Amino acid sequence: MKEDSDLSTRNRIMQMLKTSGELTAKELTDQLGITGMAVRRHISNLERDDLIESTTVRLPMGRPAAVYRLTARADDYFPKKYHAVALDLLTELEDEAGEAMVNLLFERRKASLLKRYESKMAGKELEAKIAALSDIQNDNGYMATWEKTSEDDYVLTEFNCPISQVANKYNQACACEMKLFESLLGAKVTRSDCLASGDRKCVYHIRRT
């Protein structure tokens, strides 16, 4: 129960800073109705996690005080509806120009990603390429892992899909991702599990060609 209470207070502090911009520890304490020591503990943990930062300012009365604000990283903790905007735009494009134009858009995205990441694969053997691809996917929020299953076979697993809402409606997204992997790795890639199809993860089987 204490962990739930701590998490709730932590979230309330972040919400308060989101709406107020900047607050001192005393202002947080007064609004939360808890002890100053408890507030300072939460502030310390939030600073440790790079979710808030502080600057010292002079107040009209009394000694200078630290005021706290959210960091850029904290922005990820607030709700986003990017997938809804993307789906609306893709639906409008499909209605106006047809499915072929949507397919072309996904192909262009694949080409753009290939251009962005192919330098990370240059001069690497297949196993090093798979490790680099896993790092790329992790940076993009896919929670990826990989393993070698035999001399010429590997498995790349993704436990999260940041574009799942789009992929659920447009399977071109999944098809283009698999083609992208083949181009980056220079290997044969097949998929046995897919989050967009209701599986718990995406599983890619990679075979040396």
Mind listing whichever residues of the range 158-189 are assigned to a helix (DSSP H, G or I) and more than 16 Å from LYS110 (Cα to Cα)? SER164, GLN165, ASN168, LYS169
Does the range 95-117 contain at least one residue that is without any contact (Cβ under 8 Å) to a residue 24 or more places away in the chain and of a type in the set (S, T, N, Q)? yes
For THR190, are the conditions met, namely being without any contact (Cβ under 8 Å) to a residue 60 or more places away in the chain, within 27 Å of ALA100 (Cβ to Cβ), surrounded by fewer than 14 Cβ atoms within 10 Å (Cβ to Cβ) and of a type in the set (Val, Ile, Thr)? yes
In the range 10-56, anything out of contact with any helix residue (DSSP H, G or I) (no Cβ under 9 Å at 6 or more places or on another chain), of a type outside the set (Val, Ile, Thr) and in a helix (DSSP H, G or I) is listed as GLN15, ASP30, MET37, SER44, GLU47, ARG48
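Residues are listed down the side, and each one gets a yes or a no for (1) closer than 27 Å to LEU90 by Cβ; (2) out of contact with any Phe, Trp or Tyr (no Cβ under 8 Å at 6 or more places or on another chain); (3) at pLDDT 95 or above:
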residue: GLU147; (1), (2), (3): no, no, yes
residue: CYS161; (1), (2), (3): yes, no, no
residue: GLN165; (1), (2), (3): yes, yes, no
residue: ASN168; (1), (2), (3): yes, yes, no
residue: ALA173; (1), (2), (3): yes, no, no
residue: MET178; (1), (2), (3): yes, no, no
residue: SER183; (1), (2), (3): yes, yes, yes
residue: VAL189; (1), (2), (3): yes, no, yes
Condition first: within 21 Å of TYR170 (Cβ to Cβ) and either of a type in the set (A, V, I, L, M) or not assigned by TED's automatic domain parsing to the domain that holds CYS194 (or both). Now tell me which residues in the range 109-151 satisfy that. ALA111, LEU113, LEU114
With GLY141, GLY123 as the choices, which residue is touching a Pro at 6+ places or on another chain (Cβ under 9 Å), small (Gly, Ala, Ser) and not in a strand (DSSP E or B)? GLY141
In the range 69-90, residues that are polar (S, T, N, Q) and in contact (Cβ under 8 Å) with a residue 40 or more places away in the chain total 0
Given the criteria of a type in the set (Phe, Trp, Tyr) and either free of Cβ contacts under 8 Å to residues at least 24 places away in the same chain or buried (at least 18 other Cβ atoms within 10 Å of the Cβ) (or both), does PHE181 qualify? yes
Residues that are aliphatic (A, V, I, L, M) and out of contact with any Asp or Glu (no Cβ under 8 Å at 6 or more places or on another chain): does the range 147-159 have at least one? yes
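The values are calculated or read from the model by the stated rules, or taken from the named source; none is laboratory data. Being a predicted model, the structure only gives us computed values, none of them experimental. Ideal geometry is used to build each Cβ from the backbone, glycine not excepted, and the neighbour counts take in all protein chains shown.
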